[in-house]
Amino acid sequence: MTAPAAGAPKKRGRPVRKDTGGPGARERILTAARAEFAERGYDKASIRAIARGADVDPALVHHYYGPKEKIFAAAVETDFAPALEAADILRKGEHDTLGERLTRFTLGIWENPATREPLLAIVRSAVANDTAATVFRELVTAQLVARIADELELPDPRLRAELAAAHLVGVAMLRHVIKVEPLASADLERVVGIVAPAVQRHLAGADPSPTRPFP
């Protein structure tokens, strides 16, 4: 057999394929996606980067989750899961403490860095990208607002739930995102004491419709 000429390029075999599955692959992908979206936001995150973080082929990301907006939705649902327990909070306690319980629970999520940081990443993505905003809005509408509304036995339950959510999200945004003073550094108990009565009115007070027409 003739020896290969000196300096001749060596034939390369097929590259070793990356692991495309196995136990825990789906969970690794979701964990990598959450980290990627949190660090880079929706616009800059990519399926390839998520695949690298999970040590799988990009095709496997598509196989389990579909396009980027679908895996973003899965990541958002996981990160937003603590907030989805708000409806359960309304079932535990007296009717006249609805506002305090929901206010304390919701603002408490934002006070805890472990739950606040993923929420901040979601909000930043939703503000910057229409697709991310749509995903987030659908989750909040279907799994948070609708569930709170189901617990209310008053006229306009959906409107009341949305008003309560808007009030609490607005407080959280000013306190933790925009960091407006003195709200940003105010004692949490002081904030709860001021906000809770307004939330109580949304959830259990008078008809939220205007009593007189706007000029």
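Values in this text are rule-based calculations from the coordinates and carry no lab data. Please read all numbers here as calculations on a predicted model, not as lab measurements. Cβ placement follows ideal geometry from the backbone for every residue including glycine, while neighbour counts extend to all protein chains displayed.
Points worth noting:
- For the stretch 62-81 and the stretch 98-174, distance of Cα centres in Å: 19 Å
- Test item: Cα-centred dipole of the stretch 117-165, Lys/Arg +1 and Asp/Glu -1 on Cβ, debye: 140 debye
- Principal-axis tilt of helix 130-139 within the chain, Cα atoms, nearest 10 degrees: 60 degrees
- For the chain, with +1 on Lys and Arg beta carbons and -1 on Asp and Glu, the positive-most of Ala75, Gly93, Ile47 along the dipole: Ile47
- Debye, to nearest 20: dipole size of the stretch 80-204, +1 on Lys, Arg Cβ, -1 on Asp, Glu Cβ: 220 debye
- A DSSP coil position with no more than 10 other Cβ atoms inside 10 Å describes the following GluC sites (Glu not before Pro) in the stretch 43-117: Glu94.
- Axis angle, to the nearest 10 degrees, between helix 157-172 and the longest C-alpha principal axis of the chain: 70 degrees.
- For the stretch 95-112, 3J(HN,Hα) computed residue by residue from phi via the Karplus equation (6.51, -1.76, 1.60; θ = phi - 60°) reads 4, 7, 10, 4, x, 5, 5, 5, 5, 5, 5, 5, 5, x, 4, 6, 6, 7 Hz, glycine and proline entered as x.
- The chain: angle of helix 68-79 to the longest principal axis, Cα-based, in degrees nearest 10: 50 degrees
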